[in-house]
Amino acid sequence: MALVTDAGTPGISDPGFLLVRECIRNGVDVECLPGATAFVPALVNSGLPCDRFLFEGFLPVKKGRKTRLEALAEADCTIVLYESTHRILKALEELALFFGPDRPASISRELTKVFEETVRGSLPELLKYYKDHPVKGEFVIIIGGKNP
């Protein structure tokens, strides 16, 4: 099955994420052909709402990090973060602390490369996964918005 459009990437600002979410629920693998950025296919592959999202990029390494995490935890839309191999575990620990144990999330790594993977679950589940499966690569973290 394929979802193809001539109006940009399916799943961004349209209900295509509903199809991706149903595929994930039913065990159907999802692969997104990317454009020039990693966050778009990661966002589409997450199965989280794509109609509104906040692209944060990399979190501050030191100054302002706690304040930024507190603010992001209150966002009611999907959040997109980048993270490095060297800081992924620390980032997931902090995200689980600030966002809580039940926030849905997805991590895509090494998109369009041989070792591409997308792992979905709660933030504590993702932390455990990457503690048990240390890997290298470029990480895109997608986090569901706070439910009102």
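Overview of values
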quantity: Å² of accessible area per residue within the chain, as computed with a 1.4 Å probe and no ligands counted; calculated: 57
quantity: Sulfur and carbon atoms: percent of accessible area, the range 12-90 [1.4 Å]; calculated: 57
quantity: Convex hull per residue volume in Å³, alpha carbons only, for the range 95-148; calculated: 74
quantity: Of the trypsin sites (Lys or Arg not before Pro) in the range 23-68, those whose Cβ has at most 10 other Cβ within 10 Å and which sit in DSSP loop; calculated: 62, 63
quantity: Residue 116-residue 63 FRET efficiency (beta carbon distance; Förster radius 41 Å; 0.05 resolution); calculated: 0.75
quantity: Antiparallel content of DSSP bridges confined to the chain, in %, to 5; calculated: 75
quantity: Over the chain: Kirkwood hydrodynamic radius from C-alpha pairwise inverse distances, Å; calculated: 15.5
quantity: Full-extension gain in nm, residue 37 to residue 73, via 0.36 nm per residue minus C-alpha separation; calculated: 10.5 nm
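The values are calculated or read from the model by the stated rules, or taken from the named source; none is laboratory data. Predicted model, so just to flag it, every value in this text is computed and none were measured. Neighbour counts run over all protein chains shown; Cβ positions are idealised from the backbone, glycine included. Ligands, DNA and RNA are excluded from the accessible area calculation, which covers all protein heavy atoms including side chains. Shrake-Rupley method; radii C 1.70, N 1.55, O 1.52, S 1.80 Å.
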